[in-house]
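Asker: First the structure, then my questions, so here it is.
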Amino acid sequence: MFARNDLEQKTDEALWELLLERKVMVLEILYKRHYDLLLNYGMKVYPNKDLVQDCIQDFFVKLHQSGKLSHTECVKTYFLKALRNLLIDKLSAVKETVDLEKVSFQMTIDDSVLSRLFDKNDEDIRLSHQLLEAIQQLPVNQREAIYLRYVKGMAYKEIAGVLGIASQSSMNLVARAIAKLRTVM
């Protein structure tokens, strides 16, 4: 048997392998480790906290009940993609006429956070606001790719996994977004 402390030191991928062996006690660790990431990402995809929390809960229940799990290279990518798919399914199930591609993927930052980041530098605060406004002019998929790459620090392969596109396409998507931001700024 594994001591809880030992489990908490393991990588996501090592925990996933234990989950494949039906060691369901690792689900709690994975849940706690990724809940904030999933909630933040879900709120960017569709800004309804209750719905996002329900989808996160449903996802972990499905993991617990599933007897058909398979190996994954990146647990974080798997979780984000699964949450995105569950949100799409939930929105379809409640017959909400929402096309996820048309939902505004929002990237916002509180003025108080900017003030702390750029203490007494009004020019940096102004540029930050200008950048956020420019980001909102990007197509939804480019906004999402920029968020995953630069806010969450994900590799292009991971972004591709979340968005369901090829790795090269994720690189192109980010490059096009940056080019457009340069033009707008």
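The values are calculated or read from the model by the stated rules, or taken from the named source; none is laboratory data. Remember, it's a predicted structure, so these values are computed and weren't measured experimentally. Heads up, the Cβs are rebuilt from the backbone with ideal geometry, glycines too, and the neighbour counts pull from every protein chain shown. Just so you know, the surface numbers come from the protein's heavy atoms only, side chains and all, with ligands and any DNA or RNA stripped out. Shrake-Rupley method; radii C 1.70, N 1.55, O 1.52, S 1.80 Å.
Asker: Using the structure shown, select from LYS23/LYS62; LYS90/LYS157; LYS23/LYS49; LYS49/LYS76 the pairs with a Cα to Cα distance greater than 24 angstrom. Please report the intermediate quantities before stating the final value.
Answerer: Numbers: LYS23/LYS62 15 Å; LYS90/LYS157 26 Å; LYS23/LYS49 30 Å; LYS49/LYS76 20 Å.
Pairs exceeding 24 Å: LYS90/LYS157; LYS23/LYS49.
Asker: Right, something else. What is the Cα centroid distance between the stretch 21-51 and the stretch 126-157, reported in whole angstrom?
Answerer: After rounding, the separation between the Cα centres reads 22 Å.
Asker: Sorted by mean Cβ packing within 10 Å, highest first, what order do the peptides 9-19, 65-75, 151-161 take?
Answerer: Top of the packing list down: 151-161, 9-19, 65-75.
Asker: 7 Å from Cα along Cα→Cβ at both ASN5 and ASP50: what's the point-to-point distance in nm?
Answerer: Going from the ASN5 label point to the ASP50 one covers 4.3 nm.
Asker: Label MET171 and GLU13 with points 7 Å out from Cα along Cα→Cβ: what is the distance between them in nm?
Answerer: 2.0
Asker: So for ASP58, ASP50, what's the accessible-area order with a 1.4 Å probe, most first?
Answerer: Descending accessible area places them as ASP50, ASP58.
Asker: Sticking with this one: Could you size up the charge dipole of the stretch 32-90 around its Cα centre, putting +1 on the beta carbon of Lys and Arg and -1 on that of Asp and Glu, and report it in debye to the nearest 20?
Answerer: 140
Asker: Please list, in order along the stretch 43-50, the HN-Hα scalar couplings obtained from phi with the Karplus expression 6.51 cos²θ - 1.76 cosθ + 1.60 (θ = phi - 60°), rounded to whole Hz, x for Gly and Pro.
Answerer: 5, 6, 6, 8, x, 10, 4, 4
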